[in-house]
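A.B. asks: Okay, here's the structure, questions in a sec.
Please treat every number below as a calculation from the coordinates, not as lab data. Because the structure is predicted, anything quoted here is derived from the model rather than measured. Neighbour counts run over all protein chains shown; Cβ positions are idealised from the backbone, glycine included.
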Amino acid sequence: MKTAIVVHCEWLGGERWLTLEELAQAAGASPSFVRTLWEEGLIEAGQVEAGAPRFEGVALERVRRMRRLMRDFEASFTAAAMMMELIDEIERLRRLLERAGIPWRDEP
């Protein structure tokens, strides 16, 4: 029996900025969906040149997460946006706990 291993790697760090269209294509989303995320403040543009937003790699993960939430939970845009905000808040609180030296996981 043969096993195939598929590796997919994306490096979007450094000085590379994505246009709205490039971000949409990389995330498998429509440009209008990405524009709505940007206009609603769910993704941030690192730069805006002549009115055109430019995005860092972190925006790609956020667009993908939003699409997964909508798909996996059959959630509306509004419901998925609220989930994203709650996830962001949980992550922020966990970082605060870690900096304070307070474990937030149930350790065995």
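A.B. asks: For Glu49 and Phe77, compute 0.36 nm times the residue count separating them, minus their Cα-Cα distance, and round to one decimal in nm.
C.D. replies: Values: separation 28, 0.36 × 28 = 10.08 nm, distance 2.74 nm.
So the chain would gain 7.3 nm between Glu49 and Phe77.
A.B. asks: Take peptides 71-80, 48-57, 30-39 and line them up by average Cβ neighbours within 10 Å, highest first, as a rough protection proxy.
C.D. replies: Peptide ranking by packing, descending: 30-39, 48-57, 71-80.
A.B. asks: Could you tell me which of Pro53, Ala81, Leu42 has its Cα farthest along the dipole of segment 42-83 towards the positive end, charges placed at Cβ (Lys, Arg +1; Asp, Glu -1), taken about the Cα centre?
C.D. replies: Ala81
A.B. asks: Decide, for segment 11-74, between rounded, prolate and oblate: order the square roots of the alpha carbon gyration tensor eigenvalues as a ≥ b ≥ c, take rounded if a/c falls under 1.5, and otherwise choose prolate if a/b is larger than b/c, else oblate. Walk me through the numbers on the way to the answer.
C.D. replies: On the way: a/c = 2.04, a/b = 1.50, b/c = 1.36.
Prolate, since a/c reaches 1.5 and a/b exceeds b/c.
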